[in-house]
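Written below as structure tokens is the structure these notes are about.
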Amino acid sequence: MTELPSLTSVGSLGLQVNSGPQSSPEEVPTACSRPRHSLGILHASYSVSHQVGPWWDFTSCRQQWDRQILKDVSLYIESGQILCILGSSGSGKTTLLDAMSGRLRRTGTFLGEVFMNGRLLHRDQFQDCFSYVQQSDTLLSNLTVRETLRYAALLAVRRCSPGFLQKKVDAVMVELSLSHVADRLIGNYNLGGISNGERRRVSIAAQLLQDPKVMLFDEPTTGLDCMTANQIVVLLAELARRNRIVIITIHQPRSELFQLFDKIAILSYGELVFCGTPVEMLDFFNGCNYPCPEHSNPFDFYMDLTSVDTQSKEREMETYKRVQMIESAYKESAIYHKTLENIERAKHLKTLSTVPFKTKDSPGALSKLGVLLRTLGLYPEVARFGYFSAALLAPHLIGEFLSLVLLGMVQNPNVVNSMVALLSIAGIVVGSGLIRNTEEMSLPFKILSYFTFQKYCSEILIVNEFYGQNFICGSSNGSVTTNPMCAFTQGIQFIERTCPGATSRFTTNFLILYAFIPVLVILGIVVFKVRDHLISR
């Protein structure tokens, strides 16, 4: 077989196709070079089974409906390369990523092997080795970019000084060009914030904090415009060049991106139709008598070529036979056999480095709990968390006993639920000062607030969360009074404005709050005794 050229063009589009790194697994890294890693997926298959009928129908319950989602998929990729997985909806792209990252549901059956540097990975090791960025961004809108990454680092990295942690966050922001929006809120559709492309970069940056060598991305360009999507793919290609393995699924890439991918895989109905370099792709389909027409996007052309058209039965059979023919040609090609040989060769090499696990020295459960409390805006101390939990436990118990008291009077549970809900809402309005400060209420409402447990609970929570807090807002060259959000610079100011004297009543409020429980218990016993007496008469 003649050696393929490193560059070629597609029609008159003038697309320069990079054939990617040409190093073989036999290469031994020198002392000055970084260790290379390899990932091999060998004969991966995944199927799910469902019962045909409901569990109470014994006849149909015994019958099962099986579906093959992945069928005999084999891939090989090395560090410094980016692999693009193409395929129509339902072709198995996301399932393949889930299989590699250990996110498959236990209800299905996964067959096949995943090798990292020639070493077989067990299923419980997948998530420790691969970093996975989902299609949708799950970020807190009330945090800034810097805060988001700092909290993500605290949840992932252990035993490091604050200075080291800050340097790590700053380095990741520089790597993903997020420094200019470091102090802006993530935001959402209602609050504004950073753009969708920057939000996607933050999701990628959160995964980079664990220094993964293998990164998986599920549809990273979803919801982005053409230019932003192009920038994200270019960014991922740059991440791959920094000694990482990057695998992405993509739906409809632009033709300019054809030259960025080192390898391209095409899935159709769970079967691997092709996987190789862009140069090999052009030659392979030319050999199958399907050359890419001039002035056409090769991605669109090959996607249409390997998709099954279900608009009519005749069209479905015709396109399915064509896909099967291409898939059989690929399994018989030298490209596929070369993939299998690379996987087997890597298994017997002793020069490859060990499995590049992510940072496994993660914080303990208590440390993670403290980080989550800070993320939610709560005061990150054990004692304060205890007060917070105790203050929330009491209203729950009070609501339960209040329902029992009302059930002794009204024997309709639906009516009791409605009454408890109305009493709780009225207590919040009158006692907590949510709508109006209790000190500014009229005398009848002020007196009524002392009979609501919400008054004491809200005062406990306000003191617990705001006492000792200092707030920094506004700019150094401006006055903080010009910003209505900066009316308070200290937590004690907010406490005295909302509920004056609450700091001196902290213990008293706890005693009164928990006094509601025995009072309601006694009242419930009396109510049920009276009801039994009336029924007996």
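The values are calculated or read from the model by the stated rules, or taken from the named source; none is laboratory data. Here the structure is a predicted model, which is why all the values come from computation and not from measurement. Cβ: placed from backbone, ideal geometry, glycine included. Neighbour counts: every protein chain shown.
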query = List, please: which pairs have Cβ atoms under 9 Å, are six or more places apart or on different chains, and start with a residue in region 303-318 that is over 13 Å from SER91 (Cα atoms) and modelled with pLDDT of 85 or more and end with one that is among the aromatic types (Phe, Trp, Tyr) and part of a loop (DSSP other than H, G, I, E, B)?
reply = LEU305/TYR290
ask   = Can you name the number of the only condition in (1) at pLDDT 90 or above; (2) buried (at least 18 other Cβ atoms within 10 Å of the Cβ) that LYS338 fails?
value = (2)
message = Cβ-Cβ under 6 Å, sequence separation 6+ or interchain: first residue in region 427-450 and in contact (Cβ under 8 Å) with a residue 12 or more places away in the chain, partner assigned to a loop (DSSP other than H, G, I, E, B). Which pairs?
response = GLY427/THR452; ILE428/LEU434; VAL430/THR452; GLY431/THR452
task = Six or more apart or on different chains, Cβ under 8 Å: which pairs go from a residue in region 340-355 that's hydrophobic (A, V, I, L, M, F, W, C) to one that's at pLDDT below 70 and surrounded by fewer than 16 Cβ atoms within 10 Å (Cβ to Cβ)? Could you list them?
result = LEU349/GLU26; LEU352/PRO35
Segments classed as strands (runs of 3 or more DSSP E), wholly inside region 1-112, with at least 1 members that are modelled with pLDDT of 75 or more and among the basic types (Lys, Arg) = 64-78
query = Among the residues of region 89-125 satisfying the criterion of being of a type in the set (Gly, Ala, Ser) and crowded, with 19+ Cβ neighbours inside 10 Å, which is farthest from SER49 (Cα to Cα)?
reply = GLY118
message = When you check GLU256 against the structure, is it in a helix (DSSP H, G or I) and under 25 Å from PRO291 (Cβ atoms), yes or no?
response = yes
note = Taking region 80-99 and keeping residues over 12 Å from SER268 (Cβ atoms) and either basic (Lys, Arg) or without any contact (Cβ under 8 Å) to a residue 60 or more places away in the chain (or both) leaves ASP98, ALA99
ask   = What pairs can you find where one residue is in region 382-406 and β-branched (Val, Ile, Thr), the other is in a helix (DSSP H, G or I), and their Cβ atoms are less than 7 Å apart, with a gap of 6+ or different chains?
value = ILE398/PHE453; ILE398/PHE516; ILE398/ILE517; ILE398/LEU520; VAL405/LEU520; VAL405/LEU523; VAL405/GLY524; VAL405/VAL527
query = If you go through region 212-221 one residue at a time, do you hit one that is under 18 Å from PHE258 (Cα atoms) and among the hydroxyl-bearing types (Ser, Thr, Tyr)?
reply = yes
note = The condition from (1) within 30 Å of PHE261 (Cβ to Cβ); (2) among the charged types (D, E, K, R); (3) crowded, with 18+ Cβ neighbours inside 10 Å; (4) without any contact (Cβ under 8 Å) to a residue 24 or more places away in the chain that GLU238 misses is numbered (3)
key: Residue among SER268, SER255 that is on the phi < 0 side of the Ramachandran plot, among the hydroxyl-bearing types (Ser, Thr, Tyr), modelled with pLDDT under 90 and surrounded by fewer than 23 Cβ atoms within 10 Å (Cβ to Cβ)   = SER255
task = Output the residue which, of all residues in region 194-222 that are in a loop (DSSP other than H, G, I, E, B) and in contact with a helix residue (DSSP H, G or I) (Cβ under 6 Å, 6 or more places away or on another chain), is surrounded by the most Cβ atoms within 10 Å (Cβ to Cβ).
result = THR221
query = Of the numbered conditions (1) out of contact with any strand residue (DSSP E or B) (no Cβ under 6 Å at 6 or more places or on another chain); (2) at pLDDT 80 or above; (3) not β-branched (Val, Ile, Thr), PHE130 satisfies every one except a single condition; which is it?
reply = (1)
remark   = Reported set for region 100-130 where residues are of a type in the set (Gly, Ala, Ser), within 28 Å of PRO253 (Cβ to Cβ) and either in contact (Cβ under 8 Å) with a residue 40 or more places away in the chain or touching a Gly at 6+ places or on another chain (Cβ under 6 Å) (or both) is SER101, GLY112
inquiry  = Of all residues being hydrophobic (A, V, I, L, M, F, W, C) and part of a loop (DSSP other than H, G, I, E, B) in region 274-328, which is farthest from LEU86 (Cα to Cα)? Just the residue, please.
reply    = CYS288
query = If you scan region 178-193, which residues turn out to be surrounded by fewer than 21 Cβ atoms within 10 Å (Cβ to Cβ), closer than 30 Å to ILE245 by Cβ and in contact (Cβ under 8 Å) with a residue 24 or more places away in the chain?
reply = VAL181, ALA182
